[in-house]
Every structure is written in C-alpha cells, then in structure tokens.
Amino acid sequence: MAGYWRVVWGVPYLVAAIQIPLCLTVFNFDSPAELASTGKHDELKRFHAKVYGDDYVEEVEENAEEEEDPTWSEVVCDVRYRRATWVASLLAILQ
C-alpha cells in the first residue's frame, strides 16, 4: 500500500510522454485565428471541414467573420460579458 505513491506520481509523466509526441506530430494544427491572420484561407477551410464537416464550412466562415473582439472595458462592464468574466475570474482565483 505504501508504494502506490510512485504510481500516482508516475502516471502523469507517462501521459505527458505520450501527449508531447502526439501534439508535435499528429495534432500540430495552427489555431483558426492564426490561419486567418496569416492569410492561409485554404488551410483554414480544410481545418473547418475536418472539425465541422464539409456541409458546415461556409456557415462557420460566415459566423467567424461576424465575430468581434471585445475590449477590456466591455468585458468587465458590458452586460453581455460581465457575469462570465467574474465567474471565470473567481474560478481561477479559487483553484
């Protein structure tokens, strides 16, 4: 029973040893924001097709163009974002 602490400490290292090569080789995608900002629209379409399916690519691209980035004052004070900002902040503090 006393030797199980090694397993508790060792399992995360094993998972990390599997995740790191997978992230560097198999799942090495740029974010959609990065693809859009660098003008790689063909890769962005292929990424959206892989994630959302071929039928929804145009719909996803239209929705992405309509999105806007809120400013800090909007995030803290605007009714649309205020509650989510405070809940996320409190959760981060209380972890």
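In the range 63-95, what residues are within 16 Å of SER37 (Cα to Cα), acidic (Asp, Glu) and either assigned to a helix (DSSP H, G or I) or modelled with pLDDT of 80 or more (or both)?
Result: GLU65, GLU66.
State all residues of the range 11-40 that are within 29 Å of ARG80 (Cβ to Cβ) and in a helix (DSSP H, G or I); if no residue qualifies, say none.
Passing the criteria: PRO32, ALA33, GLU34, LEU35, ALA36, SER37.
Quick one: count up the residues across the range 22-58 that are modelled with pLDDT of 90 or more and surrounded by fewer than 10 Cβ atoms within 10 Å (Cβ to Cβ).
Within the range 22-58, residues that are modelled with pLDDT of 90 or more and surrounded by fewer than 10 Cβ atoms within 10 Å (Cβ to Cβ) number 2.
The values are calculated or read from the model by the stated rules, or taken from the named source; none is laboratory data. Here the structure is a predicted model, which is why all the values come from computation and not from measurement. Neighbour counts run over all protein chains shown; Cβ positions are idealised from the backbone, glycine included.
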